[in-house]
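**Q** Below is one structure. I have some questions about it.
The values are calculated or read from the model by the stated rules, or taken from the named source; none is laboratory data. Everything numeric in this text was worked out from a predicted model, so none of it was measured. Neighbour counts are summed over all protein chains in view; Cβ atoms, including those assigned to glycine, are modelled from backbone coordinates with ideal geometry.
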Amino acid sequence: MALCDILEDPRQTRRLAKQIAAHVRSTGPLLPDGARLLVSGPANPGWRVITVWDSLEARDEFVVQRLTPAYKAAGLSFESVTRTQFEVQMLIAGDLVGAPQSA
C-alpha cells in the first residue's frame, strides 16, 4: 500500500527548509529508500512537503532516523508539524526531477 504524507510547518522558512534538506542530503539520498515522490514549497504560512512512500514503515524509518535530527539541527521540533496522510489509489507523474530554474 502506497502512502501519501503531507507535512505542514508554519514556522519553517525557505532558509530553514534549505538547511533541513542539506542535513537530510548529508545523511543519504534526498529521495530516501522507499520514497517515490517528494514535492516541497512555501505555504501560507510556512512550508509544505508532500511525499509518497511505498510503506508506512519506510516513511517512519526516514522520519526517525533522518528527518527528526535534521529538524533538531535547524532548531525546530518535528512534534509541532501538522501531518496528513492517506492511502494512494493512483499516482501519475511526468518527468518531475529537479527544481524549477529561475529565468
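**Q** Condition test on ARG59, is it surrounded by 14 or more Cβ atoms within 10 Å (Cβ to Cβ), closer than 15 Å to ARG14 by Cα and either hydroxyl-bearing (Ser, Thr, Tyr) or without any contact (Cβ under 8 Å) to a residue 60 or more places away in the chain (or both)?
**A** Answer is no for this residue.
**Q** Within segment 69-90, restricting attention to residues that are more than 18 Å from LYS18 (Cβ to Cβ) and among the hydrophobic types (A, V, I, L, M, F, W, C), which residue is modelled with the lowest pLDDT?
**A** MET90
**Q** Name the residues in segment 34-64 that are of a type in the set (Phe, Trp, Tyr) and outside any helix (DSSP H, G or I), would you?
**A** TRP47, TRP53, listed by residue number.
**Q** Is it the case that ALA21 is in a helix (DSSP H, G or I) and buried (at least 17 other Cβ atoms within 10 Å of the Cβ)?
**A** Spelling it out, it is not the case that ALA21 is in a helix (DSSP H, G or I) and buried (at least 17 other Cβ atoms within 10 Å of the Cβ).
**Q** Let me ask something else about it. Whether any residue in segment 76-83 is in contact with a helix residue (DSSP H, G or I) (Cβ under 6 Å, 6 or more places away or on another chain) and either more than 12 Å from ILE6 (Cα to Cα) or polar (S, T, N, Q) (or both) is what I want to check.
**A** For segment 76-83, residues in contact with a helix residue (DSSP H, G or I) (Cβ under 6 Å, 6 or more places away or on another chain) and either more than 12 Å from ILE6 (Cα to Cα) or polar (S, T, N, Q) (or both): present.
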